[in-house]
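A short reminder: the numbers here are calculations on the coordinates, not readings from a lab. The model shown is predicted, which means the values in this text are computed figures rather than measured ones. Heads up, the Cβs are rebuilt from the backbone with ideal geometry, glycines too, and the neighbour counts pull from every protein chain shown.
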Amino acid sequence: MSSHHPSPANNDPAPAREATGGAVLEVPASAAVSMQTVTSLCTMGAAFSGPTDGVLLQRALPSFVTDALLKMALDRSMSQRLWLPANGAGEGMLGLFQAWGQEIGPAERWLAEDVHALAQKVAKLLDTDKIILRVEIVDDNACRKFHRDAIRARLICTYAGPGTEYGVAEFGQDPDIVEQAGTGCPIILKGKAWPIQGDPLLAHRSPPVEGTGTKRLVVVIDEASPAFQ
Ligand SMILES: [Fe+2]
């Protein structure tokens, strides 16, 4: 199919866009590419390869998974950091559930398979076969300052509780417009060590939850640096 170029030639000579009195949002080009949203895991890679600072996979967790996570007794002592071959992430998750002594039925396997798929995605995008899988139970305000990570890229998925907040900001400043990844929606963010582009415009932070009783279950997947291989 040939590409379709919007043609300025029409029957209305009036400058319609200017006439809307500001109703047309003027999104800076940089903001337009700061976070791309996709709706399937298999398109995350293509989006990430483009001139974007991050990609968000818009999706909803199956209700049986959400329900099972709600019933889980989450405690920050359960947080773990595992160095794994990328194709061992699912097994790693299953091992964690065992270590935690938590039986959450079919949701356990769903989560293990999901983390496995996300780890494979990270491994492919960063061309690595070893990953660091961090599973964190967060109930405080750690990482509450907006920042960019000093790595090439990172995947974050909040399976329970509020997701990562993000927005375009000058260095050292908070974004004017803050958006938030939905629960269960993975994001991949380019960090300061990402080659080619300059520093990302997109900053992010963990949502502050201290004192609210909210507990977040957050999975972070990084490439394992050569020092750990
Ligand atoms: Fe971060």
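Table for the structure above
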item	result
Loop-resident sites, the stretch 122-229, for chymotrypsin sites (Phe, Trp or Tyr not before Pro), counting at most 11 other Cβ within 10 Å (DSSP)	171
Order of 63, 225 - criterion: other Cβ atoms within 10 Å of each residue's Cβ, fewest first	63, 225
Net charge over other residues, Cβ less than 12 angstrom from the Cβ of residue 46 (K, R count +1; D, E count -1)	+2
Potential lengthening between residue 117 and residue 193 on full extension [0.36 nm per residue; Cα-Cα distance subtracted]	25.0 nm
At R0 = 45 Å, FRET efficiency that the Cβ-Cβ distance of residue 99 and residue 174 yields, to 0.05	0.75
Residue-count net charge about residue 100 - beta-carbon cut-off 11 Å; Lys, Arg +1, Asp, Glu -1	-3
The stretch 139-229 - Rg (one decimal) and Dmax (whole number), Cα, Å	13.5, 42
Extended-chain gain in nm, criterion 0.36 nm per residue less alpha-carbon gap, residue 80 and residue 64	3.4 nm
Rg(Cα)/(2.2 N^0.38 Å) for the stretch 33-228, N = residue count	0.97
For the stretch 76-89, Karplus couplings with θ = phi - 60° (6.51, -1.76, 1.60), whole Hz, Gly/Pro x	5, 5, 7, 4, 9, 10, 10, 9, 9, x, 4, 7, x, 5
Cleavage-rule hits, GluC sites (Glu not before Pro), the stretch 55-119, DSSP coil, Cβ neighbours within 10 Å at most 14	103
Directionally averaged projected area (convex hull, Cα atoms, the stretch 130-189), nm²	4.8
Point-to-point label distance, residue 49-residue 134, nm (Cα→Cβ direction, 7 Å offset)	2.8
Neighbourhood net charge (10 Å Cβ-Cβ; Lys/Arg +1, Asp/Glu -1) for residue 167	-3
